[in-house]
Each structure stands twice: as C-alpha cells, then as structure tokens.
1. I'd like the Karplus ³J(HN,Hα) series for region 99-115: coefficients 6.51, -1.76, 1.60, θ = phi - 60°, whole numbers in Hz, and an x wherever there's a Gly or Pro.
2. Taking 7 Å along the Cα-to-C-beta vector as the label spot, tell me the Lys138-Lys62 distance in nanometres, rounded to one decimal.
3. Which lysines have a Cα lying under 19 Å from the Cα of Lys84, excluding residues fewer than 8 positions away in the same chain?
4. Using per-residue counts of other Cβ atoms within 10 Å, averaged over each peptide, order 110-118, 20-28 from highest down.
5. Enumerate the residues in region 134-156 having an amide nitrogen under 18 Å from the point lying 7 Å beyond the Cα of Arg110 toward its Cβ.
6. For region 85-200, what is the charge dipole size about the Cα centre, in debye to the nearest 20, if Lys and Arg each add +1 at the Cβ and Asp and Glu each add -1 at the Cβ?
7. Can you classify the chain as rounded, prolate or oblate using the Cα gyration tensor, where a ≥ b ≥ c are the square roots of its eigenvalues, rounded means a/c under 1.5, and otherwise it's prolate if a/b beats b/c and oblate if not?
8. Pairing the Cα long axis of helix 164-174 with the longest principal axis of the chain, what angle in degrees results, from 0 to 90 and rounded to the nearest 10?
Amino acid sequence: MAESIDKEILMNVRKRGRGSVFFAREYLRFSNPKRVQKAMEQLEAQGLIVRVARGIYCYPKKDKVWGTGYLPPSYDDIANAIAKKEQAKIVPTGVHALNRVGLSEQMPTRFVYLTSGRSKTVKLVDGQELHFVHTALKNLQFYSRTAMLVTFALKEIGKNNVTQEQVQHVQQLLANENKSHLRHDLAMTPEWIQAIVKQVI
C-alpha cells in the first residue's frame with residue numbers, strides 16, 4: 001500500500017513535467033499528511049524530486065550542459081507556483097524587477113514581490129527568502145505582463161533618475177506588445193511612465 005502511494009505520487013509528478021514546482025498538500029488525496037510527507041522524503045532521497053522549502057518541492061530539469069545533475073527552479077518559478085496556488089497576482093520589485101527587464105546587470109540578493117494575496121515570507125532550503133508584500137489587486141490588473149514589469153522597474157529608478165537610454169530600452173521591450181493592452185494598462189501607471197508608453201502606442 002505504501003509503495004503504491006509512492007508510485008502514484010511519482011506518476012503524477014512526472015505528468016507535470018520537469019521544472020514544475022508543487023506542494024506536498026496537493027497529494028493529501030492519496031493518503032494522510034504523515035504518509036504523504038514520508039513519500040516525499042523517500043522520493044527526495046532517491047533523487048527524483050528536490051525540496052525547495054517546507055512543503056514545497058520541484059521535479060527538476062536535467063542539466064545537460066554543465067554536468068551538475070539537475071537544475072533547481074528559479075526563485076521566480078517558486079514564487080509563481082506559490083502565487084498560482086493562492087490564486088494571487090505577483091510582480092517582482094526592486095533590483096529584481098530591474099534585472100528582469102534588463103535595466104540593471106546587478107544580480108538581486110533580496111527577492112520581494114508585491115502580491116494580491118497575503119503578506120508572508122517563505123524561507124528556502126538554500127537560505128534565501130522570498131518576501132511577499134500585499135497590495136490591492138487593482139494595482140496588479142495589467143493586461144501586459146511586460147508592461148507591469150516595466151512599470152515597477154521604472155518606479156524603482158524614479159522619474160528624475162531614468163536616462164534616455166533606459167527609456168529607449170523600455171520602448172523596445174514594449175514595441176511588440178498588444179497596443180490595446182498597453183492602452184488599458186496606462187491607467188495603472190503614473191503620468192511620467194504613461195508618457196514613455198504612449199510613444200510606443
């Protein structure tokens with residue numbers, strides 16, 4: 001019976017595909033919490049899954065380039081999985097946002113996301129922490145994911161500090177976005193960012 005549960009869980013995990021992030025609680029339909037946790041521990045011990053945080057696991061992608069075995073999920077992969085589970089919208093802020101849209105080569109050391117869900121901190125097994133800070137859903141109701149990332153990245157730089165080179169970079173990022181989506185998203189951006197986006201529209 002126990003072995004059967006392990007196999008059922010593994011079969012389901014494999015159907016998700018490599019790189020997927022999932023939660024132990026999703027498998028309580030197979031057995032009680034204690035037995036599910038034991039199954040996760042056994043699958044991890046066999047190198048079939050990787051634990052990334054308490055109750056959060058990954059079916060890792062194989063590393064075919066560097067020979068390190070498996071590739072861990074990115075912090076964004078984990079954050080997006082948490083957001084999906086909670087049916088919340090999120091967006092990275094700070095240096096992370098700048099890095100995501102190519103406005104900074106500085107690698108973030110702190111990962112903070114605005115979320116329409118509840119505020120909380122998730123501690124990862126590698127020592128990093130993901131910080132989720134609640135904001136009103138209306139602030140994240142962008143149609144264009146790129147426009148949302150760009151907006152929060154530009155806010156991090158500030159109106160008086162953004163350079164013409166950065167403006168041109170942002171406009172190139174938005175050039176292929178759906179123009180009607182961008183028009184909708186203007187309502188959620190300050191006037192100085194609206195002026196940048198309108199040149200693309």
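Here, each number is a calculation from the coordinates, and none is a lab measurement. As the structure is a computational prediction, the values presented were derived from the model and not from experiment. Reconstructed Cβ throughout: ideal geometry from the backbone, glycine too, with neighbour counts over all protein chains shown.
1. Listing the rounded values in order: 5, 4, 9, x, 9, 7, 8, 5, 7, x, 10, 10, 10, 10, 10, 6, 9 Hz.
2. Rounded to a tenth, the inter-label distance reads 5.1 nm.
3. Cα-Cα hits under 19 Å: Lys15, Lys120, Lys123, Lys138.
4. 110-118, 20-28
5. Those under the cut-off are 134-135, 152-156.
6. Charge dipole of region 85-200: 400 debye, to the nearest 20.
7. Because a/c hits 1.5 or more and a/b exceeds b/c, the chain counts as prolate.
8. Between the helix axis and the principal axis of the chain, the angle is about 60 degrees.
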